[in-house]
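Engineer: Pasting a structure below so you can have a look.
The values are calculated or read from the model by the stated rules, or taken from the named source; none is laboratory data. Everything numeric in this text was worked out from a predicted model, so none of it was measured. Cβ placement follows ideal geometry from the backbone for every residue including glycine, while neighbour counts extend to all protein chains displayed.
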Amino acid sequence: MVLTANDRAIARFTMLGHALVHWFETSIPIFLVVWLASFDVSVAVLGVVVALGYAPFGLGALPGGILADRVGPKRLILACLLGMSASFVGLALAGVADSIYAVAVALCCWGIAASVYHPAGLSLISTGVADRGTVFAYHGIAGNVGIALGPFVTATLLIVLEWHLVALVLALPGLLAVAYGLRATFDPMAETETEAGAGTLSLVSLLANSRALFASAFAVVFVIVTFEGLFYRGVLTYLPEILTDLPAVGDLTLASGLEGIDAAFYVYVGLLVVGMAGQYAGGKAIARIRPARGLAAIFTLLALLALAFVPVTALGLAATLAYCAVLGFFLFAIQPFYQEAVAVSTPPEGRGLSYGYTYLGEFGLGATSIALGGVVLGWSLTAFFAMLTGFALVGAALATALAVGVGPTRETARSSGETRE
């Protein structure tokens, strides 16, 4: 299927927004290192400060989804971009004021603004785009670009600029994106008969819509996404540290002039780059593979990959690099499938709410694997990857159940005008 003009316009707008959300998100850990040297506070205090930014990022997804249905996704994404940029301007001012309290406020504001993006952006794609699979893929690739560039650009700028000036520079792309978004034109509801912003904010309607969602196949999809989030967060949080401690990666020699830089960082960024190919392949495969079946297959592969980490990485550098490439591919190839699974199991008028719950599971509940992973990794590396294997196997079992027993077929849904799983 060739993307329509409306598809392309929505793709450009959401890709820009998705890249910038992760651009800002992944710059914060780099700043953390500088703040440890700049402020007379403990690591524990700075951990709380950073948590004030990341906690609303996950917890705000549900109210963000409600707002997307009420005010429309484009307005909400523009507010998100403006809010994130303004928060980093505030972060720069906090640096000038030399106040850790101001840093905490700025990060909290960033988390609130950023939290609305995923439910709004994915709602927009699901209701306005004809070729959802392809645009989901492009959207995911853009997110990976932001994930990779955020820390790289931040670390590079910190070589020549004070951290508060770096924060100001990082805000500029967001402001430019707002200017672009104000001029962008597209129909956000081109693939549905529902009007944009047709939802309501009343508690009664929220409870009724939530009951309807969780009485359908979406209840299973929500749990599937939560287990994907547990696997995803566990891997991406601890893999850089794990790679650093591997003898095989320690043997990796960097080019002249890069001495002192952790080689594991480049392996990790390479994994994210390969993930872009996974996003694209997963998105294109949606046209041929039902989402639940794709989820079951990829979860099974992720379980096998988690089991294989310790023995494969013991084989040396070449095996470790090949393993990371395969892991990166499938870690991100799964995302278009669960995004499509949400779209085919929910009504258009409640799409923002459904993606709000989705990313509450992905970023909110899924983040519990960070705490679990820290404890289990303290026991052994084998135990850590056994935990990840368990997450993937539960996801595979639930996806298999969804594939064989829940909802009308894809073909039946297409004949009714709105795809359903």
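Engineer: Going by the structure shown, is Ala148 under 20 Å from the mean Cα position of the chain (by Cα), buried (at least 24 other Cβ atoms within 10 Å of the Cβ) and either touching a residue at least 60 places away in the same chain (Cβ under 8 Å) or not in a helix (DSSP H, G or I) (or both)? So that I can check it myself, show each step before the final result.
Structural biologist: Details: under 20 Å from the mean Cα position of the chain (by Cα): yes; buried (at least 24 other Cβ atoms within 10 Å of the Cβ): no; either touching a residue at least 60 places away in the same chain (Cβ under 8 Å) or not in a helix (DSSP H, G or I) (or both): yes.
Against the criterion (under 20 Å from the mean Cα position of the chain (by Cα), buried (at least 24 other Cβ atoms within 10 Å of the Cβ) and either touching a residue at least 60 places away in the same chain (Cβ under 8 Å) or not in a helix (DSSP H, G or I) (or both)), Ala148 does not qualify.
Engineer: Taking the range 17-45 as the search range and keeping residues that are without any contact (Cβ under 8 Å) to a residue 40 or more places away in the chain and of a type in the set (A, V, I, L, M, F, W, C), which one is nearest to Trp110 (Cα to Cα)? First the steps, then the outcome.
Structural biologist: Filtering the range 17-45 down to residues without any contact (Cβ under 8 Å) to a residue 40 or more places away in the chain leaves 32-33, 36-37, 40, 42-44.
Adding the requirement that they be of a type in the set (A, V, I, L, M, F, W, C) leaves 32-33, 36-37, 43-44.
Details: Leu32: 15, Val33: 19, Leu36: 20, Ala37: 22, Val43: 21, Ala44: 21 Å.
This residue is Leu32.
Engineer: Those residues that are part of a helix (DSSP H, G or I) and of a type outside the set (A, V, I, L, M), I need them from the range 89-111; list them, please.
Structural biologist: Gly90, Gly95, Tyr101, Cys108, Cys109, Trp110, Gly111, listed by residue number.
Engineer: Does the range 72-90 contain any residue that is in the same structural domain as Phe24 (by TED's automatic domain parsing), more than 19 Å from the chain's Cα centre (by Cα) and over 17 Å from Leu20 (Cβ atoms)?
Structural biologist: Yes - at least one qualifying residue is present in the range 72-90.
Engineer: Just one of (1) over 19 Å from the mean Cα position of the chain (by Cα); (2) closer than 23 Å to Arg233 by Cα; (3) surrounded by fewer than 21 Cβ atoms within 10 Å (Cβ to Cβ) trips up Val50, so point out which.
Structural biologist: Here Val50 meets the rest and fails (1).
Engineer: Which members of the range 273-282 meet the condition of being in contact (Cβ under 8 Å) with a residue 60 or more places away in the chain and surrounded by fewer than 19 Cβ atoms within 10 Å (Cβ to Cβ)?
Structural biologist: Val273, Ala281, listed by residue number.
Engineer: State the number of residues belonging to the range 45-88 that are in contact with a Pro (Cβ under 7 Å, 6 or more places away or on another chain) and part of a helix (DSSP H, G or I). Outline the logic, then answer.
Structural biologist: From the range 45-88, those in contact with a Pro (Cβ under 7 Å, 6 or more places away or on another chain) are 61, 64-65, 68, 72-74; that's our starting set.
Still in the list and also part of a helix (DSSP H, G or I): 61, 64-65, 68, 73-74.
Residues meeting the conditions: 6.
Engineer: Are there any helices (runs of 4 or more DSSP H) wholly within the range 159-252 with 3 or more residues that are at pLDDT below 85 and in contact with a helix residue (DSSP H, G or I) (Cβ under 8 Å, 6 or more places away or on another chain), and if so which?
Structural biologist: Once the helices (runs of 4 or more DSSP H) in the range 159-252 are filtered for at least 3 residues that are at pLDDT below 85 and in contact with a helix residue (DSSP H, G or I) (Cβ under 8 Å, 6 or more places away or on another chain), what remains is 203-214, 218-244, 247-250.
Engineer: What is the number of the single condition among (1) under 30 Å from Ser123 (Cα atoms); (2) at pLDDT below 90; (3) not in a loop (DSSP other than H, G, I, E, B) that Ala287 does not meet?
Structural biologist: The one condition Ala287 does not meet is (3).
Engineer: In this structure, is Leu107 farther than 25 Å from Val34 by Cα, among the aliphatic types (A, V, I, L, M), within 23 Å of the chain's Cα centre (by Cα) and crowded, with 24+ Cβ neighbours inside 10 Å?
Structural biologist: no
Engineer: Can you name every one of the helices (runs of 4 or more DSSP H) wholly within the range 348-420 that holds 3 or more residues which are at pLDDT below 75 and surrounded by fewer than 18 Cβ atoms within 10 Å (Cβ to Cβ)?
Structural biologist: 410-415
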